[in-house]
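One structure below.
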Amino acid sequence: MRVLFLSTWFPYPPNQGSKIRAYYLLKALAARHEVALVAFEDVDLDPTWVAHIRQLCTRVEIIRRKPFAVSAGRTWLGWLSPLPSAVVAIHSPEMAEQVSQIARSWKPDVVVALTFVTAPYALTVPEGFKVLDIDNFMARMLQEAIPMATISMARLRRWLAYRKFLRYESNLYPKFDLCLAVTEADRSAVLRQMSLRPDQIIVTPNGVDTQYNQLDTVTPVPNTLIFNGALTYNANYDAMSYFLREIYPQIIRQLPDVRLRVTGSTVDVDLEGLPLDGHVELTGYLPDIRPAIAQSWVCVVPLRMGGGTRLKILEAMSLGTPVVSTVKGAEGLDVEDSTHLLLAETPGEFAKQVVRLLHSVELRESLRTNAKRLVSERYEWSQIGADFCGTVEQLVSRERNKN
């Protein structure tokens, strides 16, 4: 089977949530079929990264994604446009032409598009089964973000963005033969708001490579917390702003020697908007995040918005680092409170659970053992990838038999 795979990001190295998902879905398909990849170059690429992907794929084409330059004029035009500004800004004639050329010469049996960014190019391919990985249901994310804006104008902007994305996604998703949601909550939300058949959207969860995430020789450092999410992502920035202002001071009052590490790039991040002090370390981008997670006593996930499932939780669990999360942060994961992690909703509850975990060796060991067992049984990428491939193969076979 020939698969044309369209990626919003170059899917290597798998060092960020969406790239991890892209890489393992691509890897699963490439292990069983011929795959041609067309990907946007979202960052400057190391030649070794490209070489690695070329070993997996029959063909690799890379398109430079143009930056979205914000200006007052473009902001007003964005307000007036019926399309979301992100959709207009990222349109690439180069991507469209490359997809068209491969479709004509290679004639793929399946086109897999990652997110709304590459979805329009997939629909230009005249033949072949069309699969869309939704990844994040943007309308749902934006709707949840509206009440968190403290300024009326900001709430209005978020409401307009939500309405535009809802209209856009409602028109886009039904055009695909199959859509992938990351969680049952996202799947249910799509079915409630859009004209899709129930069999037109399935759940393909995020996962973790448990073999890769084995660092048993690393010794955790006492009273250390970690947030393994880049602040360049709005949901992560909101989570850390909330944690540092409302939760962390309560923890410090009880444990003055506690320390928090926040990983990921801070390029173009408004650090002045965060109450940073000597208790917080911003690591910047880490080529290998595993040691930082494994060295920490607790992984905190104080998320209040966002879609999909939290790869940061699965990574921490696989590496043996206990997790304290909001219910939103753990959404979509088949976890039990006090068995696999600790859940908390209010700032006071969150601080209490963190302190409780830092004080209890027995609780940390119990959560560590149960969580590692869970991810190996339910969230192993090799099994998720195999299930995904099997579903696509069955659907293509069924369509062929109709003709």
Okay, strands (runs of 3 or more DSSP E) sitting entirely in the stretch 179-273 with 3 or more residues that are within 25 Å of Phe137 (Cβ to Cβ), I get 201-203
Among the residues of the stretch 290-304, the number that are surrounded by 20 or more Cβ atoms within 10 Å (Cβ to Cβ) and more than 16 Å from Val258 (Cα to Cα) is 4
Check: Is at least one residue of the stretch 128-146 surrounded by fewer than 19 Cβ atoms within 10 Å (Cβ to Cβ) and part of a helix (DSSP H, G or I)?
Finding: yes
Going by what's in this entry, would Ser366 be described as surrounded by 13 or more Cβ atoms within 10 Å (Cβ to Cβ), in a helix (DSSP H, G or I) and under 26 Å from the mean Cα position of the chain (by Cα)?
no
Counted residues in the stretch 42-55 being part of a helix (DSSP H, G or I), under 15 Å from Ser7 (Cα atoms) and among the aliphatic types (A, V, I, L, M) come to 2
Condition set out of contact with any strand residue (DSSP E or B) (no Cβ under 6 Å at 6 or more places or on another chain) and under 18 Å from Pro322 (Cα atoms), scope the stretch 256-291, selection modelled with the highest pLDDT: answer is Val258
Taking the stretch 373-388 and the residues there that are in a helix (DSSP H, G or I) and surrounded by 19 or more Cβ atoms within 10 Å (Cβ to Cβ), the one that is farthest from the chain's Cα centre (by Cα) would be Leu374
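A quick yes/no check of all residues on (1) at pLDDT 95 or above; (2) of a type in the set (S, T, N, Q):
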residue	(1), (2)
Val298	yes, no
Met305	no, no
Thr309	no, yes
Lys312	no, no
Pro322	yes, no
His340	yes, no
Leu358	yes, no
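The values are calculated or read from the model by the stated rules, or taken from the named source; none is laboratory data. From a predicted model like this one, the values you see are computed outputs, not experimental measurements. All Cβ positions, glycine included, derive from the backbone under ideal geometry; neighbour counts span all protein chains shown.
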